[in-house]
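Peer 1: Got a structure for you, written out below as structure tokens; questions coming shortly.
The values are calculated or read from the model by the stated rules, or taken from the named source; none is laboratory data. This one's a predicted model, so the numbers in the text were calculated from it and none came from an experiment. Using ideal geometry, Cβ is built from the backbone for each residue, glycine included, and neighbour counts are taken over all protein chains shown. With ligands, DNA and RNA removed, areas are computed over all heavy atoms of the protein, side chains included. Shrake-Rupley method; radii C 1.70, N 1.55, O 1.52, S 1.80 Å.
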Protein chains: 2
Amino acid sequence: MLRDFETKKREDKASLNAEIKALQSVLLGQQQLLMKAELPVIVMIEGWAAAGKGSLIKELISELDPRFYHVESPKVLREAEERFPFLYQYMKPIPVNGKVTFLDSGWMENVVRKYLRHEINKDEYRRRIRQVNEFERQLRDNGYIILKLFLHIRKDVQYERLYGLVEEPATEWRVDGEDLWQHKEYKRFLEAYDDFMEKTNEIVGWHILDGNRRKTATRDALRIITQRIERGVSEGRFEGVSLEEDFPLREMPKLKDVDLSVSIEDDEYKKELKRLQSRISELHNIIYRKRIPVIFCYEGWDAAGKGGNIRRLTYALDPRGFDVHPIASPLPHEKNRHFLWRFWTKLPKSGHICIFDRTWYGRVMVERIEGFCSEKDWRRAYHEINEFERMLTDWGAVLLKFWIHIDSDVQLERFKDRQNTPEKQWKITDEDWRNREKWDEYEIAVNEVLEKTSTKNAPWHIIESNDKQYARIKTLKIIVKALEKAIDNHFENMMNK
Amino acid sequence: MLRDFETKKREDKASLNAEIKALQSVLLGQQQLLMKAELPVIVMIEGWAAAGKGSLIKELISELDPRFYHVESPKVLREAEERFPFLYQYMKPIPVNGKVTFLDSGWMENVVRKYLRHEINKDEYRRRIRQVNEFERQLRDNGYIILKLFLHIRKDVQYERLYGLVEEPATEWRVDGEDLWQHKEYKRFLEAYDDFMEKTNEIVGWHILDGNRRKTATRDALRIITQRIERGVSEGRFEGVSLEEDFPLREMPKLKDVDLSVSIEDDEYKKELKRLQSRISELHNIIYRKRIPVIFCYEGWDAAGKGGNIRRLTYALDPRGFDVHPIASPLPHEKNRHFLWRFWTKLPKSGHICIFDRTWYGRVMVERIEGFCSEKDWRRAYHEINEFERMLTDWGAVLLKFWIHIDSDVQLERFKDRQNTPEKQWKITDEDWRNREKWDEYEIAVNEVLEKTSTKNAPWHIIESNDKQYARIKTLKIIVKALEKAIDNHFENMMNK
């Protein structure tokens with residue numbers, strides 16, 4: 001009988017190995033299908049320390065062509081050392097269309113570990129659960145296939161494996177204090193993982209793998225992944241769901257009702273400019289030391305005076321502590337990712353200031369009008385943008401959005417001036433004239449932006465800029481006020497985390 | 001008389017301010033000329049702590065359009081914490097053609113500071129001086145305009161300024177231990193700066209600015225920069241100098257003389273593969289812990305079996321510790337920079353392994369043959385590549401270069417097989433057939449590569465791959481040997497720095 005048992009076990013093992021091999025070649029074949037269908041895939045492998053995440057990934061990629069995938073191993077920093085929103089390091093390595101990213105531990109590990117370390121409190125934990133769900137939905141709605149696998153092992157199995165690693169001088173270093181702590185607190189982790197999974201199971205469902213049996217887990221992972229890809233390819237790119245607007249909004253005027261006759265005297269301008277710049281200089285110092293992230297967004301009509309406005313601001317800033325990001329049309333590697341990816345990856349480190357000269361609102365303005373994305377895409381984008389911005393302000397960022405506003409006559413005047421002044425000619429292109437012809441379409445789009453995205457946490461500021469000097473002073477005043485408020489709130493916010 | 005003196009001072013100041021303003025607009029105008037001429041510019045501001053580097057940069061950029069420049073403030077890490085070659089952080093932010101990067105302290109500060117901290121010894125200091133000269137020459141020869149400014153202040157002026165900063169609670173944090181240490185060791189720094197400048201004055205000359213007088217320094221900096229740009233624009237893109245080959249080389253056979261009949265038995269292959277992979281697995285662990293950087297370069301004929309060869313290697317590696325970089329034709333933002341930039345920025349952190357599937361040798365193979373760069377460019381590239389590779393091995397990297405070799409008949413066979421096997425069809429494109437027609441041209445180019453770049457520190461290995469299994473085993477054996485040697489040498493190397 002025991003002999004039979006052994007034979008059976010060998011046979012099982014052989015057939016398991018054969019199945020793994022077969023599934024690995026299915027996955028290899030699917031690479032081509034994914035490329036053709038332009039579908040990007042994220043495979044997140046979560047699980048216990050010593051559950052075998054690394055080895056599992058090794059099996060998953062073993063037949064794949066390195067051109068098609070990337071393995072990312074994010075670290076869970078101490079919350080106090082994080083300089084970016086916690087999802088930043090998961091957004092950064094998302095693949096372009098047609099490719100696969102394997103995450104060796106993902107956003108669950110990040111949130112759970114920080115919660116158990118008492119680095120974030122219950123409220124912040126709940127907020128991050130919400131952000132995770134938003135993050136997953138946004139990726140899904142923008143065409144990403146996401147797979148979330150959890151490699152589960154029993155406490156006694158974890159003990160054996162950790163012990164095995166520690167015993168060997170060559171592998172001892174692989175076990176760190178965090179692993180031993182997890183083992184000691186196995187039950188608390190179990191409950192926390194469970195809670196997190198239950199609360200993040202709706203948008204993208206979890207798959208639990210039996211990590212006690214490595215081969216079975218590998219086979220199961222391959223089955224799950226290949227089946228999901230097969231379904232994804234046959235269904236085609238997911239087009240997203242439409243979302244209910246539920247952000248508290250500020251009421252905004254229509255552009256045509258904005259009084260553009262406001263102006264400022266030269267003397268007053270000079271005096272105020274000097275005063276405000278010197279105040280901003282001081283505040284920049286404090287922002288830097290308190291590690292408050294700051295994001296200024298500039299949108300506005302062509303020739304409205306964005307550039308000059310930004311320069312008056314940057315003149316007050318220490319060049320070591322800010323960056324200006326001029327946003328043009330996306331490059332191919334940007335276009336082939338989630339539309340917010342190129343903004344995520346330009347976010348400032350905490351304590352730094354970043355200025356976007358044009359922004360993610362391109363999605364609901366130029367991309368909408370020029371048909372660079374589908375109607376579904378831009379309609380969904382208002383909500384996605386509101387979520388993105390709430391994530392930023394939840395993170396503690398000062399986020400200001402300026403619409404630099406002029407009327408059509410003033411634009412024409414400035415266009416003509418640019419055309420007739422040799423030093424300014426580079427500033428005016430045929431595209432500017434073509435955009436001008438679409439003034440009315442843009443006005444509709446901008447009014448919709450103001451209506452739908454002027455959230456309480458990230459409201460729009462309309463800056464009357466027929467008089468550029470007036471516009472600059474108004475902008476700088478808003479900035480001073482916002483920075484002062486952020487510095488005041490800083491201590492309080494820290495306490496609430 | 002005193003009154004006259006005061007009036008004169010006011011007039012001087014007024015005329016200085018006026019000149020600064022005028023030069024700022026000249027610089028603004030030059031942006032367009034730089035864009036048109038596609039000339040990239042690097043302005044490096046070195047100087048004493050509290051000499052006013054930040055303020056100077058503020059003045060230099062104050063009129064510029066943020067789309068045209070970037071300010072980078074590199075930090076001088078402790079040598080033990082550096083995970084990349086020391087020039088990495090200066091190569092990374094080099095601008096694309098037509099744009100300007102301002103460096104708020106540069107490679108001089110890095111080398112001098114580490115030398116004075118006794119983190120690098122005299123030999124390493126000399127080596128870095130040589131690397132700096134090579135770096136500057138390469139940038140210059142690849143069209144970069146480089147400006148090196150040193151902002152000089154006297155010891156008493158530094159004392160006053162540091163004291164002024166420390167006294168104010170708002171600015172106290174700006175002065176750190178390193179600044180105070182520099183002040184205390186002013187004389188040693190003076191000598192070290194001097195020595196460095198003398199030894200790096202030939203390729204790109206230094207400009208010393210009188211930082212005791214801020215306005216004068218600003219004016220002078222603007223004069224120097226605008227004059228240099230004017231000259232650069234009128235002379236057009238620098239085409240580089242031809243360089244003498246002076247690297248100790250290994251003699252290599254011609255490709256046609258390589259015996260491709262070598263092969264391995266199936267059984268032997270399986271046994272050896274298992275043994276070598278398990279050994280590489282162990283070595284990867286040690287490499288990771290000892291923080292040795294590892295770079296494997298794969299070149300070879302289409303269908304020679306690079307992909308399968310790489311997969312046999314990566315199967316032995318922990319996915320968390322390596323990256324494979326498939327190299328295709330450069331993207332626009334890569335094409336518009338120094339041709340090695342896209343490889344510099346993909347270098348592995350120390351302790352990691354990176355595998356290039358095709359490499360920087362594209363410059364002297366496909367780019368040469370297809371005419372994607374000028375003859376001057378590719379002729380100069382052998383030397384530039386040898387310097388780049390010496391820099392990598394000096395850094396402590398294991399650098400292996402494989403030419404995966406087959407003959408033309410075997411290629412034809414494999415192409416046909418790919419075309420006739422549905423799962424393999426994606427692997428064969430019209431371009432492969434076109435390249436095949438140029439076999440003879442490629443053979444000339446490859447022979448020249450082998451002849452000119454098989455340096456003692458980074459020799460080529462020809463891998464006979466008519467029998468793919470033989471090729472894999474040979475490659476893995478070379479890797480095992482190289483890693484073992486690197487681990488043995490590791491301690492010794494550390495002591496020599």
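Peer 1: Take every Cα pair under 8 Å in segment A:305-416 that's 6+ residues apart, average their separations, divide by the length, and report that relative contact order as a whole percent.
Peer 2: 23
Peer 1: Put +1 on the Cβ of each Lys and Arg and -1 on the Cβ of each Asp and Glu in segment B:36-174; which of B:Tyr88, B:Ala170, B:Leu151 then has its Cα farthest toward the positive end of the dipole?
Peer 2: B:Tyr88
Peer 1: State the three equivalent ellipsoid semi-axes of segment B:31-151, derived from the C-alpha gyration tensor as the square roots of 5 times its eigenvalues, in descending order and whole Å.
Peer 2: 26, 17, 11
Peer 1: Same structure again: With Kirkwood's inverse mean 1/r over C-alpha pairs for Rh, give me the Rg to Rh ratio of the protein assembly as shown, two decimals please.
Peer 2: 0.97
Peer 1: Can you give the FRET efficiency for A:Thr216 and A:Glu11, using 1/(1 + (r/R0)^6), R0 = 22 Å, r = Cβ-Cβ distance, to the nearest 0.05?
Peer 2: Calculated transfer efficiency: 0.90.
Peer 1: Let me ask you something else. Need one word for segment B:213-359: rounded, prolate or oblate. Basis is the Cα gyration tensor (sqrt eigenvalues a ≥ b ≥ c); a/c below 1.5 gives rounded, then a/b vs b/c decides.
Peer 2: Prolate, because a/c is 1.5 or more and a/b exceeds b/c.
Peer 1: How high is the FRET efficiency from A:Arg320 to A:Trp433, r the C-beta distance, R0 35 Å, rounded to 0.05?
Peer 2: Computed FRET efficiency for A:Arg320 and A:Trp433: 0.35.
Peer 1: What whole-number value in cubic angstrom gives the convex hull volume per residue for the C-alpha atoms of segment A:243-287?
Peer 2: 142
Peer 1: Using only the Cα atoms of chain A, each taken as one equal point scatterer with no solvent, compute I(q) by the Debye sum, divide by I(0), and report log10 of the ratio at q = 0.13 Å⁻¹.
Peer 2: -1.27
Peer 1: Taking all protein chains as present, what is the carbon and sulfur share of the accessible area of chain A, in % to the nearest whole number, probe 1.4 Å?
Peer 2: For chain A, the apolar C and S fraction of the accessible surface comes to 49 percent.
Peer 1: While we're on this one: Top to bottom by accessible area (1.4 Å), largest first, where do B:Ser242, A:Ser329, B:Ser374 land?
Peer 2: Order by accessible area, largest first: B:Ser242, A:Ser329, B:Ser374.
Peer 1: I've got another one for you. Given points 7 Å out from each Cα along the Cα-Cβ axis, report the B:Asp195 to A:Lys254 separation in nanometres with one decimal.
Peer 2: 7.5
Peer 1: Here's a follow-up. Ordering A:Cys297, A:Cys373 by how much accessible area each has at a 1.4 Å probe, largest first, what is the list?
Peer 2: A:Cys373, A:Cys297
Peer 1: Just how large is the dipole of segment B:193-259 about the Cα centre, in debye to the nearest 20, putting +1 at every Lys and Arg Cβ and -1 at every Asp and Glu Cβ?
Peer 2: That gives segment B:193-259 a dipole magnitude of about 740 debye.
Peer 1: In addition: Keeping all protein chains in the complex and leaving out DNA, RNA and ligands, what accessible area do you get for A:Arg188 with a 1.4 Å probe, in Å² to the nearest 10?
Peer 2: 80
Peer 1: In addition: Total accessible area buried between chains B and A, 1.4 Å probe, in Å² to the nearest 100?
Peer 2: The summed interface area works out to 3800 Å².
Peer 1: Heavy-atom accessible area of B:Asp467 with all protein chains present, probe 1.4 Å, nearest 10 Å²?
Peer 2: 30
Peer 1: Do the sum for chain A: with -39,500 (n - 2.57) for every DSSP H run of n ≥ 4, divided by all residues, what is the mean residue ellipticity at 222 nm, to the nearest 500 deg cm²/dmol?
Peer 2: Computed ellipticity for chain A at 222 nm equals -17500 deg cm²/dmol.
Peer 1: Further question on the same structure: I need to check one value: relative contact order of chain A, counting alpha carbon pairs closer than 8 Å and at least 6 residues apart, in percent.
Peer 2: 19
Peer 1: Here's a follow-up. In terms of the Cα gyration tensor, with a ≥ b ≥ c the square roots of its eigenvalues, is segment A:292-343 rounded because a/c is under 1.5, prolate because a/b exceeds b/c, or oblate?
Peer 2: oblate
Peer 1: Tell me the label-point distance for the pair A:Glu413, B:Arg223, using the 7 Å Cα-to-Cβ offset, in nm and rounded to one decimal.
Peer 2: The two pseudo-label positions are separated by 4.0 nm.
Peer 1: Nothing charged except the Cβ atoms of Lys and Arg (+1) and of Asp and Glu (-1): what's the magnitude of the dipole of the protein assembly as shown about its Cα centre? Round to the nearest 20 debye.
Peer 2: 1440
Peer 1: Hey, another quick one. Given bins 10 angstrom wide, list per bin the percent of all Cα-Cα distances in segment B:355-497, short to long.
Peer 2: Each 10 Å bin holds this share of Cα pairs: 9, 32, 33, 19, 5, 1.
Peer 1: Using r as the Cβ-Cβ distance of A:Asp246 and B:Leu331, and R0 as 35 Å, what FRET efficiency do you calculate, to the nearest 0.05?
Peer 2: The value I calculate is 0.30.
Peer 1: Excluding ligands, DNA and RNA, what is the solvent-accessible area per residue of the protein assembly as shown at a probe of 1.4 Å, expressed in Å²?
Peer 2: 46
Peer 1: Placing the label point 7 Å from Cα along the Cα-to-Cβ direction, what are the distances from A:Met1 to the equivalent spots in the other copies, shortest first, in nm to one decimal?
Peer 2: Computed spacing set for this position: 12.2 nm.
Peer 1: Amide H to amide H under 5 Å from A:Lys401: which residues, 5+ apart in sequence or cross-chain, H placed 1.01 Å off N in plane?
Peer 2: For A:Lys401, the qualifying residues are A:Cys297, A:His461.
Peer 1: Let me ask something additional. What residues does segment B:56-89 have that are buried by at least 40 Å² of accessible area in the full protein assembly compared to the chain on its own, 1.4 angstrom probe?
Peer 2: B:Lys58, B:Ser62, B:Pro66, B:Arg67
Peer 1: Say a label goes 7 Å from Cα toward Cβ at B:Ile478 in every copy; what distances in nm does this one have to the rest, shortest first?
Peer 2: Result for B:Ile478, in nm, nearest copy first: 6.1.
Peer 1: Let me ask something else. Mean Kyte-Doolittle of at least -0.5 and a Cα length of 27 Å or more along the axis: which whole DSSP H helices of chain A meet both?
Peer 2: A:468-496
Peer 1: Among the GluC sites (Glu not before Pro) in segment A:436-497, which ones are in a DSSP loop with at most 10 other Cβ atoms within 10 Å of the Cβ? Mind listing them?
Peer 2: none
Peer 1: Sticking with this structure for a sec: Spelling out what I want: for every residue of segment B:88-100, take phi, set θ = phi - 60°, compute 6.51 cos²θ - 1.76 cosθ + 1.60 (Karplus), and round to whole Hz; glycine and proline get x.
Peer 2: After applying 6.51 cos²θ - 1.76 cosθ + 1.60, I find 3, 6, 9, 6, 3, x, 4, x, 6, 3, x, 10, 10 Hz.
Peer 1: For a test of the definition: using alpha carbon positions, the gyration tensor, and the 1.5 limit on a/c, classify segment A:161-250 as rounded, prolate or oblate.
Peer 2: Oblate shape, in that a/c is at least 1.5 and b/c is the bigger or equal ratio.
Peer 1: Determine, for segment A:1-147, the count of lysine pairs separated by eight or more sequence positions (or lying on different chains) whose alpha-carbon distance falls under 18 Å.
Peer 2: 8
Peer 1: Quick check: pseudo-label points 7 Å beyond the Cα along Cα→Cβ at B:Lys481 and B:Ile369, how many nm apart are they?
Peer 2: Here the answer is 2.9 nm between the modelled labels.
Peer 1: Which loop GluC sites (Glu not before Pro) in segment B:174-269, with loop taken from DSSP, have no more than 14 other Cβ atoms within 10 angstrom of their Cβ?
Peer 2: Hits after loop and neighbour filter: B:Glu185, B:Glu202, B:Glu239, B:Glu244, B:Glu245, B:Glu251, B:Glu265.
Peer 1: If you place +1 on the Cβ of every Lys and Arg and -1 on the Cβ of every Asp and Glu, how big does the dipole about the Cα centre of chain B come out, in debye to the nearest 20?
Peer 2: That gives chain B a dipole magnitude of about 1100 debye.
Peer 1: Sticking with this one: How many percent of DSSP beta bridges within chain A run antiparallel, rounded to 5?
Peer 2: DSSP beta bridges in chain A are roughly 0 percent antiparallel.
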